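Novice: Below is a structure I'd like to ask you about.
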Amino acid sequence: MSRSKRKYLFQNDQNTLNGALLAGNNSMAEMLLWSLVLLPPVIGVYGAGVCFINIGLFVGTTFAWLFLVKRLRSYRDLSRKTIGSMWEFLYDRYRSVILKDSFLVVWLLILLSMTAALLEYGSKVISKTVGMEYHWVAVGIVVILSIYMCILGNKVRSVIRSIFYIILLFVFFVLVISLFMVNKPSELLDIYGKLHMKGGTSVYLNILYYNGTQTGVTYIISMVGMGLGCLGLPFLFNGAFEAKDSHELDRGRVLSILYTGVMIVVISVWSLLNAVCIYPLKVTLDSGIDELLRTYIAALCHKLEVPTEIRYVILGVLVITLLCLTERIFAMSMEVARGLLPKMKWIRNEKQQNVADIGLLVILSGALLVIVGIWKPEYQKLITVSWEYASAMAAPCILAVVWRAASRPGIFAGLFTGLAVCSVWYFVPMIEGNTLAVSTELSAGTASFVFALAVTIIVSMFTHKKNEAEKKLFDQIKLDQR
């Protein structure tokens with residue numbers, strides 16, 4: 001059977017996506033997770049300096065599309081191997097089930113945590129909007145997403161996601177333009193002054209200031225370093241194998257950079273303008289994107305004298321986009337979980353494989369409901385911690401793709417060093433009762449990336465064995481990038 005056909009329920013379709021779908025399917029998950037869910041209230045409170053995080057996310061995805069994704073595609077095409085994911089690449093290159101499964105276990109925990117965080121937030125938004133009990137909404141979302149994933153293939157779901165991502169981008173762009181239609185720049189600045197923000201209006205709008213104080217070098221590095229999380233998750237890497245051909249892959253790389261750049265600018269500007277539009281109310285760190293959007297639209301509709309019912313349409317687009325984002329990360333969790341399962345002897349045909357997949361989906365769905373229903377974590381903190389661990393995995397992922405001398409022991413050492421440093425840096429009090437993340441203002445993800453990078457390089461230098469076939473392959477890959 002051709003690799004482009006969907007044989008099993010949750011098999012990731014390869015060689016099927018055009019450039020536009022490839023860009024929307026992979027880059028926007030990381031962008032929206034931060035730019036839409038986490039950062040708007042933080043930007044509204046602390047000012048333009050927070051936008052360094054968005055800059056880091058853009059740099060991270062751009063680096064991946066320019067230097068990593070095409071190399072992975074070239075590796076598969078030139079080696080003539082059947083590789084459809086980042087973990088299959090790791091196994092093919094290093095021939096270690098333990099290494100592959102180590103990455104998969106960590107990825108599964110990270111992705112399930114992110115899915116649970118989005119499920120918690122989405123359930124709260126829908127529960128508040130329709131007046132249903134929170135737990136029943138969470139159950140309903142999981143059931144609907146599970147059925148949706150069973151019925152529709154990856155390509156169709158990618159089309160739906162991309163459509164709503166673009167609609168949402170258009171909505172925020174219109175909201176920004178509309179505010180300038182009813183307010184002159186001088187009026188907006190006057191309102192900023194009335195808000196009495198810490199540091200004043202000029203500091204709030206200055207990207208070099210954070211919460212009224214000038215940002216230090218380590219803090220800027222930490223915020224830009226958030227982009228490393230994009231390089232430690234499998235989304236962008238798997239995109240290398242989803243494109244129809246090299247032409248669509250190149251097209252997708254350009255469109256992805258364009259999409260993410262525009263999305264970051266539009267939502268960042270909207271977040272900064274939010275503070276003046278909702279005056280005399282103030283943005284707080286506890287505000288969700290739904291609350292900010294609801295208040296912003298109400299104020300704007302009043303000024304423009306348009307029906308307030310339009311808010312329900314826009315909030316509907318927001319909710320559907322959040323569900324699409326949740327589905328994307330949940331689907332990747334399912335793919336990762338499938339990669340962990342050994343080949344079972346009783347699975348001999350497509351029907352038996354689909355039964356096993358549905359059973360696995362039920363288990364993962366149950367795990368999500370347990371996390372959301374019993375543990376009830378704070379979605380902001382859960383996403384942030386998960387992202388720090390993703391950043392800790394970035395160094396071995398990058399070096400495995402771009403450096404021929406990266407050895408199996410080096411990748412092992414880099415992976416576990418990154419995870420260990422991240423855990424100590426983020427959770428263990430070290431200096432005057434504070435963690436190193438607080439004391440140094442350097443994020444755990446950035447610190448763990450540096451240590452993991454150094455350890456991977458040093459160990460690989462002493463353990464790499466010459467392999468003429470591998471050298472020839474990497475030389476061909478290098479030529480193929482031109």
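Novice: Taking the Cα centroid of region 401-461 and of region 237-294, what is the distance between the two, rounded to the nearest whole Å?
Specialist: When both Cα centres are located, 29 Å separates them.
Novice: Considering amide H positions built from the backbone, and no H for Pro or chain starts, which residues 5 or more places from Met430, or on another chain, come under 5 Å of its amide H?
Specialist: Excluding prolines and chain starts, which carry no amide H, the hits are Thr435, Leu436.
Novice: Take the residue pairs Lys244/Lys478; Lys198/Lys282; Lys70/Lys244; Lys100/Lys466; Lys124/Lys381; Lys244/Lys472 and return only those whose Cα atoms are more than 18 Å apart.
Specialist: Too far apart for the 18 Å limit: Lys244/Lys478; Lys100/Lys466; Lys244/Lys472.
Novice: Further, regarding this structure: So which aspartates and glutamates pass the test for Lys81, namely a Cα distance under 13 Å, with those fewer than 8 places away in the same chain ruled out?
Specialist: Hits, sequence-local ones excluded: Asp92.
Novice: If I fit a long axis through the Cα atoms of helix 310-340 and take the longest principal axis of the Cα atoms of the chain, what angle between them do I get, 0 to 90°, rounded to 10?
Specialist: Around 20 degrees separate the two axes.
Novice: Mind checking the full-extension length gain between Val159 and Leu258? Use 0.36 nm per residue of separation minus the Cα-Cα distance, one decimal, nm.
Specialist: 33.9 nm
Novice: What aspartates and glutamates could a cross-link reach from Lys155, if we take a straight Cα to Cα line under 16 Å and drop same-chain neighbours fewer than 8 places away?
Specialist: In chain and number order, the partners are Asp13, Glu242, Asp245, Glu248, Glu327, Glu335.
Novice: Amide H of Tyr210: which non-local residues (sequence gap of 5 or more, or other chain) have their own amide H closer than 5 Å, using H built in the peptide plane?
Specialist: For Tyr210, the qualifying residues are Thr215.
Novice: Follow-up. Using only the Cα atoms of region 393-482, build the gyration tensor, take square roots of its eigenvalues as a ≥ b ≥ c, and label the shape rounded, prolate or oblate: rounded if a/c is under 1.5, else prolate if a/b is larger than b/c, else oblate.
Specialist: Note, shape of region 393-482 comes out prolate.
Novice: Based on the alpha-carbon gyration tensor of region 61-104 and its eigenvalue square roots a ≥ b ≥ c, which shape applies: rounded if a/c is under 1.5, prolate if not and a/b is larger than b/c, or oblate?
Specialist: In terms of gyration-tensor shape, oblate.
Novice: List the relative contact order of region 393-482 as a percent without decimals, with contacts defined as Cα pairs under 8 Å and 6+ residues apart.
Specialist: Relative contact order, region 393-482: 39 percent.
Novice: How large is ³J(HN,Hα) for each residue in region 248-253, as worked out from phi by the Karplus curve 6.51 cos²θ - 1.76 cosθ + 1.60 (θ = phi - 60°), to whole Hz, x for Gly and Pro?
Specialist: 5, 5, 5, 5, x, 5
Novice: Based on the Cβ-Cβ distance from Lys198 to Glu350, what FRET efficiency comes out when R0 is 60 Å, to the nearest 0.05?
Specialist: Working from the Cβ atoms, E equals 0.50.
Laboratory data are not the source of any read-out in this text; all were calculated from the coordinates shown. Computed from a predicted model, the values in this text were never measured in an experiment. Ideal geometry is used to build each Cβ from the backbone, glycine not excepted, and the neighbour counts take in all protein chains shown.
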